Amino acid sequence: MTVRVRMAPSPTGSPHVGLVRTALFNWAFARHHGGTFVFRIEDTDKERSTQESYDSIIDLMRWLALDWDEGPEVGGPHAPYFQSERSEVYADALARLRESRFAYDCYCTTDEVAARRLESGSKVMGYDGFCRDLTDDQVAAFIAEGRRPIARFRMPDGSITWDDLVRGEVTFETQYVPDFALCRANGDPLYTLVNPVDDALMEITHVLRGEDLLSSTPRQLALYEALKELGIAKLTPEFGHLPYVMGEGNKKLSKRDPEAHALAYRDQGFLPEGLLNYLALLGWSIAADRDVFSLEEMVEKFDIKDVNPNPARFDIKKAEAINASHMRLLSTDEITHRALPYLKRDGVLTDPVSPADQQLLELAMPFVAERINKLTEASRMLGFLFVAEQDFALDEADRAKLVDTDEGQAVLRAAYDALARVEPWSAARISDALTAALVEEMGLKPRVAFGAVRVAVTGKRISPPLFESLELLGRDRGLGRLQSALS
RNA sequence: GCCCCCGUUGUGUAGCGGCCUAGCACGCCUGCCUCUCACGCAGGUAGCGCCGGUUCGAAUCCGGUCGGGGGUACCA
C-alpha cells in the first residue's frame, strides 16, 4: 500500500509556524516512504476563510519548497481540493448516513441540552442522546413547532482504542464521547463530517496532525467504521498526533504572538532550510550529537515513530543559531543571490541593479557573507557602500561617542592626511598608512584609532573590515567622508 | 467537574535495565583570536518533578502522587 498523507489547513488568518511544522512532518513522511503528499484547503467556514490567507499559505509553501503532489494549482485525481467546491460530496455522504441510522436527526437547542445536563447532575458534558430514538409523533410535534433538525452521529457503546503513531495506545470510553453534530441546521456540513469524508475519499493512509485533534479521534474512528460499511471509505487511516509548539511560558503559541507567524521569518531574513531545520527539531532529532541537517537528510532519516510527544517551546535564539549554521554552509555567491531581494527591499540597491552596483556588490559580499546570520543583515552591513553621498549620515550615538570628541577629531585629521598620500588605493596600503599614522605615531590602541575612522566612513561602529571597506568605497568617497566628519 | 495527553539542565533533545559520576545543541559565563561586528577555538554553568515498588542494578519497568497542557461547540 502506498502512503498518502495530507495537510489540510483552514485559510483563516496568517499561517502559523505550527502549520509549517505539521506540513513538514507530513511532507517528510511522504517523501521518506515514496508516497503522495496531498494538499487540501478546508474552507468550510465561509465566514472566516479569506483569499488573502489562502494566498499566504501558498506563498509560504512555495517559499519553503514543500511541494505537493495533489492539491491547489497542481490538481489531481481527487479534485477539487477545496472543500467549498465539494458540497455535493458531503451532501451525499450525509444523506447516506441519515438513511442508514448511523446518524439521526436532533431537534434540541444548545440551551435545552445544557439545561438537561445540569439537571441530571451528570459529570459528562455535551449532548445526551435525547433524540436518539424519537417516535414519529415526537418528530411531527417538533416539526410543527418549526424546529429544524441537525444530523448527529450515533456513537457506539464500549471503548475505542488506536495505536497512535506518536503516543502509542490511546483509549477512550465512548460514554465520554457524546453523539456529535455532522451539520448545521441549515444543512451546512461541519468539520466533523467533512474532514473524515475527504480523507476517506482521497484515500489518506496516515493522518499526522496537531495534538489538539487528539480528542476528536475517537469520533472519527467511529465515523470511519460507518463510512466503510456504507462503501464511502476503503480503510481507516493510522493517526499520529504531533506535539504542540509552545510560546513563552506554558501557552500554546497563539496568533497574537509575533513569533507565531511563519512568513515573518522570511521577512526577517531566515533561510527556508534554516527555519525548516529548526522546526524539525521541535519533536524530532536526526541523531544524538547533531542538529544541523538538510531536507534531503531529513527525508532519508525521518520516522514518525521517533517523534517525541512532549510539547516544545519555540526558542527564537536557537532558531537563529540553526539558521546561522545554514548560512555558513552557503557559498558567497549563493548568499549574494539570496540577499538580493532583501537589499532591493531595503532600498540599498535599485531594481534592476546597475552594472556598477552589481560589480561592487560582488566585491563586497565576501566580507559580509561570513559575518551575517540572517539575510536581512546584509542591508545593514552594505548600506554605506551604495548610499548617495548627500544621503550618507552617521549613526547619532556612534558619532557622539567616537567622532565628535577631541580625540576623534584628531584621529580623523591624522587619518585624512595619511590617506591622502596613499598610492595605490588598496586595503594593504590603507592598512599600512593608518597603522603608521594612528597606532605608531599617535600611540593609540587599534580599536580606538580605527573606531573613529570606521564611524566616519561607514556610518556605524559595526561594519565590514575597515581597510577593505575603504578600498571598495574608493579614494574620493573615503576622503570625502572623513572630510565631512571633521567639524 | 469529567475525559485525554505530557513530565531528562533555562530551552530543544539523546537515552529505550548495567556503556550514565546522564551525551549533543542553543543560551548564559570565562578566556583565546582580533581594526568593529560576526565567525572560529578552549573551558565552565545547570537536569532525570516527587513517593513507593520490581531488580544484584532504574532516567529507563510498574503503581501512586504532584505539576503542566488540551478537549468537553450547530469552531477547526
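Determine which member of the set A:Asp133, A:Asp111 is away from RNA strand B (no atom under 12 Å from the Cβ) and either in a loop (DSSP other than H, G, I, E, B) or open to solvent by 60 Å² or more (accessible area, probe 1.4 Å) (or both). After applying the criteria, what remains is A:Asp133.
Within the option set A:Asp67, A:Asp43, being open to solvent by 50 Å² or more (accessible area, probe 1.4 Å) and acidic (Asp, Glu) holds for one residue only, A:Asp67. Criterion applied to A:Glu377, A:Glu396 was being modelled with pLDDT under 95 and of a type in the set (Asp, Glu), and the one residue passing it is A:Glu396. For A:Ile57, the conditions (1) under 16 Å from the mean Cα position of the chain (by Cα); (2) open to solvent by 20 Å² or more (accessible area, probe 1.4 Å); (3) within 16 Å of RNA strand B (Cβ to nearest atom) all hold with the exception of (2). For segment A:121-139, filtering for residues that are farther than 18 Å from A:Asp157 by Cα and under 46 Å from the mean Cα position of the chain (by Cα) leaves 1.
Quick check on A:Leu118: is it in a helix (DSSP H, G or I), farther than 30 Å from A:Leu263 by Cβ, modelled with pLDDT under 95 and assigned by TED's automatic domain parsing to the domain that holds A:Cys183? For A:Leu118, the condition - in a helix (DSSP H, G or I), farther than 30 Å from A:Leu263 by Cβ, modelled with pLDDT under 95 and assigned by TED's automatic domain parsing to the domain that holds A:Cys183 - is met. Tallying residues that are open to solvent by less than 20 Å² (accessible area, probe 1.4 Å) and in a loop (DSSP other than H, G, I, E, B) within segment A:179-211 yields 6.
Taking segment A:298-312 as the range and being surrounded by 15 or more Cβ atoms within 10 Å (Cβ to Cβ) and over 19 Å from A:Leu253 (Cα atoms) as the test, the residues that pass are A:Met298, A:Val299, A:Lys301, A:Phe302, A:Ile304, A:Val307.
Scanning segment A:445-483 for residues that are assigned to a loop (DSSP other than H, G, I, E, B) and either touching a Phe, Trp or Tyr at 6+ places or on another chain (Cβ under 9 Å) or away from RNA strand B (no atom under 13 Å from the Cβ) (or both) yields A:Gly459, A:Lys460, A:Ser463, A:Pro464, A:Pro465, A:Gly474. Restricting the first member to segment A:245-266 and to residues that are touching a residue at least 24 places away in the same chain (Cβ under 8 Å), and the second to residues that are away from RNA strand B (no atom under 14 Å from the Cβ) and in a strand (DSSP E or B), the beta-carbon pairs closer than 8 Å and six or more apart or on different chains are A:Lys255/A:His261.
Going residue by residue through segment A:416-433, is there one that turns out to be over 19 Å from A:Phe386 (Cβ atoms), of a type in the set (Val, Ile, Thr) and not in a helix (DSSP H, G or I)? Yes: segment A:416-433 contains one or more residues that are over 19 Å from A:Phe386 (Cβ atoms), of a type in the set (Val, Ile, Thr) and not in a helix (DSSP H, G or I). Residues that are part of a loop (DSSP other than H, G, I, E, B), near RNA strand B (Cβ under 8 Å from one of its atoms) and open to solvent by 50 Å² or more (accessible area, probe 1.4 Å) are absent from segment A:149-158.
The rows are residues; the columns are (1) open to solvent by less than 40 Å² (accessible area, probe 1.4 Å); (2) of a type in the set (A, V, I, L, M); (3) not assigned by TED's automatic domain parsing to the domain that holds A:Val457.
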residue	(1), (2), (3)
A:Arg345	no, no, yes
A:Val353	yes, yes, yes
A:Gln359	no, no, yes
A:Met365	yes, yes, yes
A:Phe386	yes, no, yes
A:Ala400	no, yes, no
A:Asp406	no, no, no
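Go through segment A:32-47 and give me each residue that's of a type in the set (Val, Ile, Thr) and not in a loop (DSSP other than H, G, I, E, B).
Selection gives A:Thr36, A:Val38, A:Ile41.
Scanning segment A:313-329 finds one or more residues that are more than 8 Å from RNA strand B (Cβ to nearest atom), in a helix (DSSP H, G or I), under 26 Å from A:Thr458 (Cα atoms) and open to solvent by less than 60 Å² (accessible area, probe 1.4 Å). Among the residues of segment A:162-182, those that are near RNA strand B (Cβ under 7 Å from one of its atoms) and either among the hydroxyl-bearing types (Ser, Thr, Tyr) or in contact (Cβ under 8 Å) with a residue 60 or more places away in the chain (or both) comprise A:Arg167, A:Thr171, A:Tyr176, A:Ala181. Checked against the criterion of being touching an Asp or Glu at 6+ places or on another chain (Cβ under 8 Å) and surrounded by fewer than 17 Cβ atoms within 10 Å (Cβ to Cβ), segment A:88-97 contains not a single residue that satisfies it.
For (1) outside the structural domain of A:Asp212 (by TED's automatic domain parsing); (2) over 20 Å from A:Gly274 (Cβ atoms); (3) not in a loop (DSSP other than H, G, I, E, B), each residue gets a yes or a no:
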{"site": "A:Val5", "(1), (2), (3)": "yes, yes, yes"}
{"site": "A:Pro11", "(1), (2), (3)": "yes, yes, no"}
{"site": "A:Leu24", "(1), (2), (3)": "yes, no, yes"}
{"site": "A:Ala28", "(1), (2), (3)": "yes, no, yes"}
{"site": "A:Ser49", "(1), (2), (3)": "yes, yes, no"}
{"site": "A:Asp55", "(1), (2), (3)": "yes, yes, yes"}
{"site": "A:Asp59", "(1), (2), (3)": "yes, no, yes"}
{"site": "A:Pro80", "(1), (2), (3)": "yes, yes, no"}
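Mind checking which residues of segment A:226-260 are among the acidic types (Asp, Glu) and surrounded by 15 or more Cβ atoms within 10 Å (Cβ to Cβ)?
The answer is A:Glu238, A:Asp257, A:Glu259.
The values are calculated or read from the model by the stated rules, or taken from the named source; none is laboratory data. On a predicted model such as this, the values are computed, not experimentally measured, just so you know. Here the Cβ is made from the backbone with ideal geometry for all residues, glycine too, and neighbour counts use every protein chain on show. These accessible areas exclude ligands, DNA and RNA; they are computed on the full protein's heavy atoms, side chains included. Shrake-Rupley method; radii C 1.70, N 1.55, O 1.52, S 1.80 Å.
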